[in-house]
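The values are calculated or read from the model by the stated rules, or taken from the named source; none is laboratory data. Just so you know, these numbers come straight off a predicted model, no measurement behind them. Ideal geometry is used to build each Cβ from the backbone, glycine not excepted, and the neighbour counts take in all protein chains shown. The area values use the complete protein model at the heavy-atom level, side chains included, leaving out ligands, DNA and RNA. Shrake-Rupley method; radii C 1.70, N 1.55, O 1.52, S 1.80 Å.
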Amino acid sequence: GKELTDVSNLVEEIVGSEVSIRGRVHNHRLVAKTLFVILREIGTSMLKFVKQLSRESVVERIGLVSLPKKPLTATSQQAGVSLLKYMSQKMYCLSRSLLNLPLVVEDAARSEADIEKSLKVGKPAARVLQDTRLNNRFLDIRTPANQAIFRIQCQVQIAFREFLLSKGFLEIHTPKLMAGSSEGGSAVFRLDYKGQPACLAQSPQLHKQMAICGDMRRVFEVGPVFRAEDSFTHRHLCEFVGLDVEMEIRMHYSEVCMIDCGLSVNHISSVLIILPCFVQIMDLLGELFSFIFTKIEERCPKELESVRKQYPFQSLKFLPQTLRLTFAEGIQMLKEAGEEVDPLGDLNTESERKLGQLVLEKYKTEFYMLHRYPSAVRPFYTMPCEDDSNYSNSFDVFVRGEEIMSGAQRIHDPELLEKRARECGIDVKTISTYIDAFRYGAPPHGGFGVGLERVVMLLCALNNIRKTSLFPRDSQRLAP
Ligand code: ATP
Ligand code: AMO
């Protein structure tokens, strides 16, 4: 009556009991690798039955577990057979697969190195193209590497939640149907909301901030984010999973009305200048991601190994204390390396990658933050720097030279917020309730947004975000 989800869970206590094992027909010679030894022992009538089964059919076998006379070899133990023997008595075909497969899972699981090797020895092995994989994703995700990728993705989410809950954050859910866009710009899916123009949420930005206005203090959300991206890149999806955080922070008191309670103003501001308010957010996210990376190494060794087998990669190099550079320092490093960059513009993908290489050489880390971005390239709700409004209290975070996260301190003064929205060409009528939320006392706050698929893609050094999205949606794909 006991349910086993993993063959390696077979323990000696079930010796002598009858168990059923469900698997897929891997190919005509073997029924799932782990069951091969057992199959050799079956009678000729069952062999006939097995031979006519098509690959990918689902079979269930019922048999007795016993101890083998001789211990199994190391390889069969690794395959999860454990030290037990399984005697097949009955076998059922639960679901037959069509004979002609659009892709063979064995081919889809092959590494590039193995394909190259096969070419050299004159026996070219099939290479499965990305579109074939994605058109038949339900077959493609049967490969060991894909099974592992989504287990790692699940663990990233678990670690994200675990860390934030331990720091007193509250998990919230914000609406995905909105009256206006939250990030501005054209990348928004428009729709009809019972006669009223509406759109799909480009981020939980406005509502996570309103939750802070509602005294929720520290919140996070894991949910879908929609971006009507036009171009087809290796790292943009039209729907992805956003990991969002928003929190109250301490503030630079020199800017706000203060009641003297005995301490000198100079004393207070000197302390706070050393510790600008939005540093608290960067501290938290540095700790959060060190936690996530460490937990993935600890909890997913088998999964990381499965991914590596097909897509080899080195473990991520990161420092115990996350490296922080200002945007200006990053620009300087690029200039010194001979790159042409605009000091008040955004970094393009090539510059980001180049900076990633320079940072790795100089600081030996593949995980770092760039802060104090030019205001012109940040969203309207971003707080300008106290000392120079051309720059902002904002940051991006990079893994292996690519962005995984954006964040900032937010403007909590409604007049300034409205002014910045107008300057950025936003129709303020569509976000009037958001701006109103700041008219009834709003604490200083900030936060960040992370793309889950990007985290897993870059953690495993994969070359395409479609590999870490279960059923990707991009500018050309709405199925399966
Ligand atoms: P987000 O758009 O959410 O800020 P991002 O990683 O796309 O995240 P951006 O600051 O928009 O970051 O863009 C950084 C660089 O990525 C751009 O300079 C551009 O080179 C490239 N890029 C961004 N969006 C696109 C896109 N839709 N198509 C092609 N390239 C893009
Ligand atoms: P931003 O627009 O930079 O910031 O998005 C945050 C993070 O989301 C991921 N991301 C994407 N992933 C896949 N496909 C896309 N098309 C895509 N676009 C973005 C990236 C990016 O770093 N509201 C702010 C966050 C904040 O300040 O709290 C925001 O949405 O990993």
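Rolling a 1.4 Å probe over the heavy atoms of the protein chains gives region 94-169 an accessible area of 56 Å² per residue.
How high is the FRET efficiency between Phe150 and Leu319 when r is their beta carbon distance and R₀ equals 30 Å, given to the nearest 0.05? In this case the efficiency is close to 0.55.
Placing a label point 7 Å from the Cα of Glu361 along the Cα-to-Cβ direction, the residues of region 313-336 whose backbone N falls under 20 Å of that point are 317-319, 323-336.
Using 0.36 nm per residue and subtracting the Cα-Cα separation, the extra length available between Ile158 and Gln196 on full extension is 9.9 nm.
Once the chain from Glu112 to Phe189 is taken as fully extended at 0.36 nm per residue, the excess over their C-alpha distance is 24.0 nm.
Under the simplified labelling scheme, the Arg22-Tyr92 pair shows an inter-label distance of 1.0 nm, with each label point 7 Å from Cα along Cα→Cβ.
Split the accessible area of region 428-480 by element, probe 1.4 Å, and carbon with sulfur accounts for 57%. For Met91, nonlocal amide neighbours, meaning residues 5 or more places apart or on other chains whose placed amide H falls under 5 Å from its own, are Ile62. Taking amide H as placed 1.01 Å from N in the peptide plane, Met383 has its amide H under 5 Å from the amide H of Asn393, Gln409, Arg410, Ile411, each at least 5 places away in sequence or on another chain.
Treating r as the C-beta distance of Arg439 and Arg250 and R0 as 22 Å, the FRET efficiency rounds to 0.50.
Estimated at 0.36 nm per residue, the fully extended path between Asp387 and Thr233 surpasses their Cα-Cα distance by 51.8 nm.
Amide H to amide H, with H built 1.01 Å from N, Glu239 comes under 5 Å of Arg227, Arg473, counting only residues 5 or more places away or on other chains. Of the cross-linked pairs Lys364/Lys467; Lys117/Lys309; Lys176/Lys208; Lys117/Lys302, those separated by over 19 Å at the C-alpha level are Lys364/Lys467; Lys117/Lys302. Bridging of Lys167 to aspartates and glutamates at a Cα separation below 17 Å is possible for Asp215, Glu221, Asp244, Glu246, Glu248, Asp283, Glu287, once same-chain residues fewer than 8 apart are set aside. With Kirkwood's inverse mean 1/r over C-alpha pairs for Rh, give me the Rg to Rh ratio of region 308-465, two decimals please. My calculation of the ratio gives 1.03. When the trypsin sites (Lys or Arg not before Pro) in region 193-233 are filtered for DSSP coil states and for at most 12 other beta-carbon atoms within 10 Å of their beta-carbon, the remaining sites are Lys194.
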